[in-house]
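Peer 1: Before we start, here is the structure in question, set down as structure tokens.
The values are calculated or read from the model by the stated rules, or taken from the named source; none is laboratory data. Computed from a predicted model, the values in this text were never measured in an experiment. Don't worry about glycine lacking a Cβ; one is built from the backbone with ideal geometry, like all the others, and counts go over all protein chains shown. Keep in mind that these areas ignore ligands, DNA and RNA; they rest on the heavy atoms of the full protein, side chains included. Shrake-Rupley method; radii C 1.70, N 1.55, O 1.52, S 1.80 Å.
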Amino acid sequence: MEHQPNIVLTQEQINFFWDNGFLAIEQISSPAEIEIMRAAYDKIFQQRAGRDEGNQFDLAGTDEDGKQAALPQILNPAKYAPELKDTLAEANARSIAKQLFARMGNPELVTGGVAHAIFKPARVGAPTPWHQDEAYWNPLVDPISLSVWMPLQPATPENGCMQFIPGTHQWEVEEHHSINHDPRIHGLEIDEKVEVDYSKAVVCPLPAGGCTLHLSRTLHYTGPNHSEMPRRALIMGFQLPGRPYQGERRFIWNEIKTTAREERSSMKAA
Ligand code: NI
């Protein structure tokens, strides 16, 4: 079934997004849809779907086999759980992305959809340290891209809702390193040398099926999960065609990474 998006942003919301680099929206899905998505989501994490292909791994640890993941992530989760795609939430997220990108190019050229899922286990879920998403990507490309972060249960400061530093979308990609400076860990954090005023962080609690949107350089973070319930987030990504990056840059932190996940994925490919 094709879902009809039902959200029209106000000019105030659009301006807020471009001034601050992020925006929170109360609801893009429905309770019934969230219930179906949550069941499918829990199933693929229980099954450890995608692990052999390198699509499921621990974002915050060294990810050896047999070790409990502190922050399990699944790339392309809709491959393992089709219930996660072609939803009202996705139709709304795409429509919102088009409304926000209308000033950057032809909104009809916006592509993207469900990208990944990050699960924070009850009580032990690790923080996702402060980072800019673009630090994970190809340094030769200057992307026009936003991420939509949607929790499948209420997201609170206690269980690890999103936090942003307003205005950081205007920054370059700053220096990052693997979490704990351990190149075996996939997750990145912004380097301690970078001056950031963390007192400016805006905390964004959300109901299930609400979302935040942020640009590729907006500095963001989620805290540890101190609650008794898992914190589930589904992340969608939407983009206009990227441009070649003007100038020179290297993301050394990615060049020196050697994760167990990459080994699993190359074993599969070989
Ligand atoms: Ni991120």
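Peer 1: With the requirement that a residue be open to solvent by less than 40 Å² (accessible area, probe 1.4 Å), assigned to a loop (DSSP other than H, G, I, E, B) and over 15 Å from Pro143 (Cα atoms), what does the stretch 78-115 give you?
Peer 2: Ala81, Thr87
Peer 1: When you scan the stretch 207-226, do you find a residue that is of a type in the set (Ser, Thr, Tyr) and more than 17 Å from the chain's Cα centre (by Cα), even just one?
Peer 2: No, that holds for no residue.
Peer 1: Which numbered condition trips up Arg184, out of (1) over 14 Å from Thr128 (Cα atoms); (2) part of a strand (DSSP E or B)?
Peer 2: It fails just one condition, (2).
Peer 1: Now for a different question. For the stretch 208-254, give me each residue that is outside any strand (DSSP E or B), within 30 Å of Arg123 (Cα to Cα) and of a type in the set (D, E, K, R).
Peer 2: Correct list: Arg217, Glu228.
Peer 1: Take the conditions part of a helix (DSSP H, G or I) and either buried (at least 17 other Cβ atoms within 10 Å of the Cβ) or more than 16 Å from the ligand (Cβ to nearest atom) (or both) and apply them to Ala122. Does it pass?
Peer 2: Judged against the criteria, Ala122 is not a match.
Peer 1: Would a scan of the stretch 164-180 turn up a residue that is within 14 Å of the chain's Cα centre (by Cα) and more than 20 Å from Leu75 (Cα to Cα)?
Peer 2: Yes; the residues of the stretch 164-180 include at least one that is within 14 Å of the chain's Cα centre (by Cα) and more than 20 Å from Leu75 (Cα to Cα).
Peer 1: Let me ask you something else. For the stretch 125-165, what are the residues that are away from the ligand (no atom under 14 Å from the Cβ) and surrounded by fewer than 20 Cβ atoms within 10 Å (Cβ to Cβ)?
Peer 2: Asn138, Pro139, Leu140, Val141, Asp142, Ile144, Gln153, Pro154, Thr156, Pro157, Glu158
Peer 1: While we're here: List pairs: first residue in the stretch 73-93 and at pLDDT 95 or above, second residue of a type in the set (Asp, Glu) anywhere in the structure, Cβ distance under 7 angstrom, at least six positions apart or on different chains.
Peer 2: From residues that are at pLDDT 95 or above, the pairs are Thr87/Glu33; Leu88/Glu33; Ala89/Glu33.
Peer 1: Okay, moving on. Can you name every residue in the stretch 225-268 that is of a type outside the set (D, E, K, R) and within 16 Å of the ligand (Cβ to nearest atom)?
Peer 2: Scanning the stretch 225-268 gives Ala233, Leu234, Ile235, Met236, Gly237, Phe238, Gln239, Phe251, Trp253, Asn254.
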